[in-house]
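Single-structure report; data block below.
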Amino acid sequence: MSDEKREHKEPARVPHDRDPELDELDEEARALLEKEEESALEEEGASALDEVDVRELLRSALAPPKGAVAPELLQGVQRRIRTRSRGKFYGDGWSTAKSPRSTYLVTSLLMLLLIGFVFFVLVPWGGGALTTP
Amino acid sequence: MSSEEQEEARFVARLVARDESAFNELVVTYQRRVFALVFRMLGRRDEAEDLAQEVFVQVFKAIDQFRGDSKLSTWIYRIAVNLCKNRTKYLSRRHANDQDDVDAMADRLPFSAAKGVSVGGISRPDELVEGMQLEVVVKRAIAQIEPEFREVLILRDVEDMSYEEIAEVTGLADGTVKSRIHRARAQLRALVEKAMGEKVRSSQADKPAVEKRSGK
């Protein structure tokens, strides 16, 4: 390799802001230098991960994706307890509902209404039958 | 005793009496948090769903043993963490904890899910992709951390528990909790840095090849 050629290639390894010969480089070489500097900066940034960054990374990585729905576990849990307790718990088919208290209340009221209706209207010796002369 | 504690004591009394409606309330109240914790620990949705149900079955069985020394939620978390440990051991014995679902989930996620992934707003498509890559890298790194370190790291940094709460949940001394968290962060940091370094190097290696192919 001639001295002339060596002189032309060597400045490419020197930072461009300090090298007066950089102006002589063509556009392609300058772009290559800039890319190398950018990648070096990226590597430096990656090594500077501190405690706060780790926490941020973890939270963002482990956050559930938007629109993701956690499964409904209640029915599965009730089924397991029913099976393992051999029907002692959650065995009546009523308490497996999500809001059994309201279910019981509504059912009780309906039953009372039905009994009242039967007593006063349909049964001959009920309230209706007693008032007739 | 505060009103909140009194309310919890009454609720626990109903649970001890095996009040099924109280237990339904308990499941509905805690199912999201328990499932989220278990999923983060195991990294597999099917296993997490099964184990989260098992947590509540164990709570139902063992509620008599809850003495009220800690909060009910802490006690439930302790059961969840212990079951996770056992399941992880079982899965590792069966060579099954390959974290397939975490990787698959990360690969399946739409780009829209990457919004807010990295610190600061993401608006450009190339930044979106970078955010997704970082998320995948972190998920893989978490899967590689030793289970006892992963456990405390998730409890501290994701579940926002105090050191005392983590000590109660894991049964470890405060000092051990702190040192494990420190070492877990160091492990995660090293793994992420290594992966990101490889990514940077591989992208640099790809660029000249692409340029050559395109004739530049």
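Each reported figure results from applying straightforward, stated rules to the coordinates on display, with no laboratory input. Not measured: the values here are computed from a predicted model. Please note: Cβ atoms are built from the backbone with ideal geometry, for glycine as well, and neighbour counts cover all protein chains shown.
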With a 22 Å threshold on alpha-carbon distance, the violating pairs from B:K85/B:K178; B:K61/B:K178; B:K89/B:K194 are B:K61/B:K178; B:K89/B:K194
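After finding the eigenvalues of the alpha carbon gyration tensor for region B:12-70, what semi-axes result from the square roots of 5 times each, listed largest first in whole Å? Spell out each step's value before the answer.
On the way: eigenvalues 106, 27, 18 Å².
Ellipsoid semi-axes (Å, largest first): 23, 12, 10.
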Cβ-based charge dipole, region B:25-95, positive-most Cα from B:L42, B:I79, B:I63:
B:L42
By average Cβ neighbour count within 10 Å, what is the ranking of A:110-123, B:72-85 from highest down?
B:72-85, A:110-123
Give me the distance in nm between label points sitting 7 Å out from Cα along the Cα-to-Cβ direction at B:V16 and A:L105, one decimal.
2.7
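Hey, can you rank B:159-168, B:9-18, B:145-154, B:30-39 by average C-beta count inside 10 Å, highest first?
Sorting B:159-168, B:9-18, B:145-154, B:30-39 by mean packing, highest first, produces B:30-39, B:145-154, B:159-168, B:9-18.
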In nm, the gap between the two label points placed 7 Å beyond Cα toward Cβ at B:K71 and A:F117 is 4.9
